[in-house]
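What follows is a set of notes on a single structure, which appears directly below.
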């Protein structure tokens, strides 16, 4: 009856486990469906131009309104004024021109005064001076200056001309140092005339001064087509693209649908789409297929280190979290935002926490989901560019970590992913659009690099939470613990060198045996390194550390000795717990002796007294090995110590010894609480024998050469 009850309870537990798994699959499917629902949802609008909108309509996607963008750019270009370049040398040229006119007049006066013309009439004097002036002033100046102005200047004295010259030069320079456009010339001439009002000369000379000053005022700026084009291009580039943003109101209820609104509805893909459940059905089928693939793979190929349910929960948690991250990035209003999404964090975490094959399969799921989430204006379609980008990004992260097992390498993996992201984004861009500028390439490069770096930072930050929350001892963590530079391993080496050598031997034996039966060989190796850490508290009481000293147990009672020996298992577990070691390593240290009997001290106690001694007092407190790795170390620990004590180990002796130790552990029921089968014990025996024979193989004995036969 009790047997049937046990079977019934076992079946009930299995049924509960199945229900939990089914619930987990359903939750994962629902979360994935919710993450991609809006990206496949078709709009149900049947609107006509110049009709009245029956409802407020929002844009389901973010899309650029290129027509409006071009219109704004054209307006910005037209708003830029023509650029004129001022010719600063014109001011000096015109000042020199004014000075040359007055200098010519004064030279004529001086020359005329030196000659004998006392009897000449006024008209004769003027004609003579005009004749002299022809050689002093260029012909074009004489033609363009009013004749009355020239006459007045020739009739003026040099002292008046000097005053006039200084005044006109100053006025012309003052006006010409600023920009003088063609349209401003008349205004500037009036301005220069105003500056000559208070000159202390006759009015007739002042009129001539005004004429010369106005004659000297010319435009000093010219149209610069190159600079104008540059300014207009800069204005065009400053114009932000006009986007119809996701959630933006395109048309409100009862509003007239004018041509511009109708065009925006077309851009958003909201017209002539009839309602259909087919996109939802397709999405559901796709999700079912992806989850089914994950389930099948995890069942068939999951590592035996973890429970299947733990794997399902872990993969589901990472997948759901990544879907949420991708959904958040999809809402950012940036062009091609998918290239910035840190999708590689999913591949990094699964590769570190589990294995490469599961990570690659998960990457395919992430790529498919990402291609839907970032389909943008291609509603109900796949964005194949993003899908390829996500897949290669994840695979790059996974492959980089395949040969890198240290936590410090995660950031390097992110940089490697960033480099791969840049390459694949360029490939996608060049295939999609052969004509692309340097600015766009820089934009995609920045997003691709940021994607890889953000993914590695997220992986570093999230990894401790997954390791502690799920109780997962990752390969990366085990590699870190196996480093010879680890403080506790150095403590064992320096304080108990004999124990260290013993632990290394046990590690080699245990790893080989565990890999034979499909257990975690790396966990066994690391556990073996630390299984005797408790001996560091009293190293001299353990025979492998008693070098050139007497055995302290010779002076102790059997009871005291057994207490010291037994304590090393519990002391080791305490030390490891205090150093925050993973539970699996602590358990191995605590369980590697199980509840075995300290036969030497037990028999010694029996010899020293005739009183009845309870055998339990000389047994380790346990617990017995609970895992395959702990069971293997329990056997390998005894085997290594026993073989080391043999004077002449041969393959036959080693095989008999290993067989007897395994038999003893079975008869003592030390392996009754772990799931090791008899077939696996036979494989363990074979692996231990092969490894020990390789270590203790026989060597050729070289004959001694007599000294007299050796030539010096």
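Checking each residue in the range 623-662 for being under 49 Å from the mean Cα position of the chain (by Cα), crowded, with 16+ Cβ neighbours inside 10 Å and part of a loop (DSSP other than H, G, I, E, B) picks out 624, 625, 626, 627. The single condition among (1) in contact with a helix residue (DSSP H, G or I) (Cβ under 6 Å, 6 or more places away or on another chain); (2) modelled with pLDDT of 75 or more that residue 150 does not meet is (1). For the condition within 30 Å of residue 83 (Cα to Cα), assigned to a helix (DSSP H, G or I) and at pLDDT 85 or above, residue 193 does not qualify.
Kindly indicate whether residue 560 is at pLDDT 90 or above and in a helix (DSSP H, G or I). Taking the combined requirement at face value, the residue does not satisfy it. Report whether or not residue 470 is outside the structural domain of residue 587 (by TED's automatic domain parsing), farther than 19 Å from residue 633 by Cα and in contact (Cβ under 8 Å) with a residue 40 or more places away in the chain. Considered against the rule, which asks whether it is outside the structural domain of residue 587 (by TED's automatic domain parsing), farther than 19 Å from residue 633 by Cα and in contact (Cβ under 8 Å) with a residue 40 or more places away in the chain, residue 470 comes out as yes.
Residue pairs whose Cβ atoms lie under 6 Å apart, sitting 6 or more positions apart in sequence or on different chains, and linking a residue in the range 609-625 that is on the phi > 0 side of the Ramachandran plot to a partner that is surrounded by 13 or more Cβ atoms within 10 Å (Cβ to Cβ), are 622/594; 622/595.
Taking residue 572 as the residue in question, decide whether it is surrounded by 24 or more Cβ atoms within 10 Å (Cβ to Cβ), touching a helix residue (DSSP H, G or I) at 6+ places or on another chain (Cβ under 7 Å) and without any contact (Cβ under 8 Å) to a residue 60 or more places away in the chain. It is true that residue 572 is surrounded by 24 or more Cβ atoms within 10 Å (Cβ to Cβ), touching a helix residue (DSSP H, G or I) at 6+ places or on another chain (Cβ under 7 Å) and without any contact (Cβ under 8 Å) to a residue 60 or more places away in the chain. Selection over the range 145-159 of residues that are in a helix (DSSP H, G or I) and buried (at least 17 other Cβ atoms within 10 Å of the Cβ) gives a count of 6. If you scan the range 171-184, which residues turn out to be part of a helix (DSSP H, G or I), surrounded by fewer than 17 Cβ atoms within 10 Å (Cβ to Cβ) and in contact with a helix residue (DSSP H, G or I) (Cβ under 9 Å, 6 or more places away or on another chain)? Answer for the range 171-184, where residues must be part of a helix (DSSP H, G or I), surrounded by fewer than 17 Cβ atoms within 10 Å (Cβ to Cβ) and in contact with a helix residue (DSSP H, G or I) (Cβ under 9 Å, 6 or more places away or on another chain): 173, 174. For the range 497-506, the candidate set comprises residues that are surrounded by fewer than 24 Cβ atoms within 10 Å (Cβ to Cβ) and free of Cβ contacts under 8 Å to residues at least 40 places away in the same chain; within that set, the residue that is nearest to residue 482 (Cα to Cα) is 504. From the list 463, 488, the lone residue that is out of contact with any strand residue (DSSP E or B) (no Cβ under 7 Å at 6 or more places or on another chain), assigned to a helix (DSSP H, G or I), over 28 Å from residue 694 (Cβ atoms) and in the same structural domain as residue 414 (by TED's automatic domain parsing) is 463.
Looking across the range 578-602 at every residue that is without any contact (Cβ under 8 Å) to a residue 40 or more places away in the chain and surrounded by 14 or more Cβ atoms within 10 Å (Cβ to Cβ), the one that is farthest from the chain's Cα centre (by Cα) is identified as 600. If you check 82, 96 for being surrounded by fewer than 17 Cβ atoms within 10 Å (Cβ to Cβ) and in a loop (DSSP other than H, G, I, E, B), only one passes: 82. Screening 528, 605 for residues that are in contact (Cβ under 8 Å) with a residue 60 or more places away in the chain, in a helix (DSSP H, G or I) and crowded, with 18+ Cβ neighbours inside 10 Å leaves exactly one candidate, 528.
Considering (1) surrounded by fewer than 21 Cβ atoms within 10 Å (Cβ to Cβ); (2) modelled with pLDDT of 85 or more, the lone condition that residue 402 does not fulfil carries the number (2). Take the conditions (1) at pLDDT 85 or above; (2) out of contact with any helix residue (DSSP H, G or I) (no Cβ under 6 Å at 6 or more places or on another chain); (3) surrounded by 13 or more Cβ atoms within 10 Å (Cβ to Cβ); residue 225 misses just one of them, which is (3).
Restricted to the range 474-491, and to residues that are more than 25 Å from the chain's Cα centre (by Cα) and surrounded by 15 or more Cβ atoms within 10 Å (Cβ to Cβ), which residue is nearest to residue 314 (Cα to Cα)? Restricting to residues being more than 25 Å from the chain's Cα centre (by Cα) and surrounded by 15 or more Cβ atoms within 10 Å (Cβ to Cβ), the top hit is 478. Looking at 494, 550, just one residue is surrounded by fewer than 18 Cβ atoms within 10 Å (Cβ to Cβ), without any contact (Cβ under 8 Å) to a residue 24 or more places away in the chain and in a helix (DSSP H, G or I), and that residue is 494. The residues of the range 25-51 that are at pLDDT below 75, in contact with a strand residue (DSSP E or B) (Cβ under 9 Å, 6 or more places away or on another chain) and buried (at least 16 other Cβ atoms within 10 Å of the Cβ), listed by number, are 42, 43, 45. If I filter the range 233-253 for residues that are assigned by TED's automatic domain parsing to the domain that holds residue 130 and free of Cβ contacts under 8 Å to residues at least 24 places away in the same chain, do I get at least one hit? No; the residues of the range 233-253 include none that is assigned by TED's automatic domain parsing to the domain that holds residue 130 and free of Cβ contacts under 8 Å to residues at least 24 places away in the same chain. Residue 198 fulfils the conditions (1) touching a residue at least 40 places away in the same chain (Cβ under 8 Å); (2) outside any helix (DSSP H, G or I) except for a single criterion, (1).
The values are calculated or read from the model by the stated rules, or taken from the named source; none is laboratory data. From a predicted model like this one, the values you see are computed outputs, not experimental measurements. Quick reminder, even Gly has a Cβ in these numbers, built from the backbone with ideal geometry, and neighbours come from all protein chains shown.
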